[in-house]
Amino acid sequence: MASGEVVHQRGAEGVECGGKEGSTSSATSRRRWDLLRSVLLKKEVDLREYADITTRTLADLQLFSKEKIESGDGYVKVRYGVSNACSLTLKQSEEQKLKVKSLSELRTRESDADRTGIVTVWPSEEALGYVCSKRAGAFEGKVVVEVGSGLGLAGLAIAATTKAKLVVLTDGNSDAVSRLRENIALNAAKFGDTVVRAEKLDWSDAGLRTWWDETSVAELGGGVDHVLCADCIYHKELFRPLSGCLDFLLTRDQQRGTECWLMCPNRHGGHSLFLQVLGETAEDVEDSGWTIPPELGDHHHQKTTRESRGLEEASYPRLCVLAKKKEKKKKKHY
Ligand SMILES: C[S@@+](CC[C@H](N)C(=O)[O-])C[C@H]1O[C@@H](n2cnc3c(N)ncnc32)[C@H](O)[C@@H]1O
């Protein structure tokens, strides 16, 4: 084992992480997220305090078959079997590990979001892609916008397995957007009549307005039917901008009944904290609560009950559907 590396186990984020083999380790996971938070906030960190948890191997939920088909200078191409008939190829970082050295690379240029999205496909993205591919009918003829797409597996799975009209993959990090464009080009033959684009969308107010003025959604669809968002509830400072962004997308065309599908693990109570922020900042948004969708029921049961390598409940991704409250019909007076 290289120095700094640790024995891997399934940890609280649905990824492999360090600690004693055979036991779950929410404490390890918590410290690792504290470290990530400090890095993202550009704080000085004494790495000696984190020496035992500074490498984490990123695993997946294995909802899709996965095969490495090519590797090159700093990248690998991985083929995901997103349905019996269809596979997608995603270009991603070579090493499916977060190391402290590379953590500093997650810091961003001034005007960019962090780089967590280009490291790997996070388990929530995989779970969301899986659920969407099982609900293909919901997307027929629809306009779909994914925010914080990272490598874009969920949006690409919709483009490849459903008859959506338009799928716009977005991220606030420029490198992620470039990678999304590469991934769209790699899979273009699979999309049929669905138009697929990648655009830079920052959740801040200014970012939203600029994006909406230029987006292909306004040009091609006029409104949004489905908003997708996987593993974007991880950093408290981002809760308000993310909430503002989702509210903005939910209100583009009030007649459409836009729904937002959020998929995320419950990292340190983030589920209810985020909904609280949403309640304070967005008007009239209803949420379904956080649930395990039926499509993931057996999988969730298997993953969380296997004694030695089980995921903690909190780390299994859950779905929450957001929509604007329907206007109550005014009572008629005769
Ligand atoms: C943990 S990653 C999740 C990526 C992907 N959805 C997945 O689950 O694999 C969080 C994503 O949010 C994006 N992000 C963070 N802050 C953002 C912001 N202010 N505006 C837009 N995107 C942002 C990052 O670039 C990153 O791709």
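The values are calculated or read from the model by the stated rules, or taken from the named source; none is laboratory data. Here the structure is a predicted model, which means the values were calculated and not measured. Neighbour counts run over all protein chains shown; Cβ positions are idealised from the backbone, glycine included.
Being away from the ligand (no atom under 16 Å from the Cβ) and of a type in the set (G, A, S) holds for only one residue in A188, A198, A206, A176, and it is A188.
Kindly state which helices (runs of 4 or more DSSP H) lie completely within the range 150-227 and contain at least 3 residues that are closer than 19 Å to R79 by Cβ. Spell out the reasoning first.
On the way: elements: 153-161, 174-187, 205-214, 216-220.
Qualifying helices (runs of 4 or more DSSP H): 153-161, 174-187.
In the range 142-173, of all residues being of a type in the set (V, I, T) and within 9 Å of the ligand (Cβ to nearest atom), the one that is nearest to the chain's Cα centre (by Cα) corresponds to V147.
Listed by first and then second residue, the pairs linking a residue in the range 60-78 that is free of Cβ contacts under 8 Å to residues at least 12 places away in the same chain to a residue that is basic (K, R) and assigned to a strand (DSSP E or B), with Cβ atoms under 6 Å apart and 6 or more places separating them unless they lie on different chains, are E70/K77. Go through the range 210-223 and report how many residues are more than 16 Å from the ligand (Cβ to nearest atom) and in contact with a strand residue (DSSP E or B) (Cβ under 6 Å, 6 or more places away or on another chain). Final tally of qualifying residues: 3.
Against the test of being free of Cβ contacts under 8 Å to residues at least 24 places away in the same chain and farther than 19 Å from K163 by Cα, the options R267, R252, R240, R209 yield a single qualifying residue, R209. Comparison of S243, S272 shows that the only residue that is among the polar types (S, T, N, Q) and within 14 Å of the ligand (Cβ to nearest atom) is S243.
Of the residues L238, L278, L311, the single one that is at pLDDT 95 or above and not acidic (D, E) is L278.
Of all the criteria given as (1) closer than 19 Å to K326 by Cβ; (2) away from the ligand (no atom under 16 Å from the Cβ); (3) surrounded by 20 or more Cβ atoms within 10 Å (Cβ to Cβ), the one not satisfied by V227 is (2). No other residue among E286, E327 is surrounded by fewer than 19 Cβ atoms within 10 Å (Cβ to Cβ) and modelled with pLDDT of 90 or more apart from E286.
Would you tally the residues in the range 269-288 being small (G, A, S) and over 21 Å from E125 (Cβ atoms)? First the steps, then the outcome.
Pass one, the range 269-288, residues small (G, A, S): 269-270, 272, 279, 282, 288.
With the extra rule that they be over 21 Å from E125 (Cβ atoms), the set shrinks to 269, 272, 279, 282.
Qualifying residue count, the range 269-288: 4.
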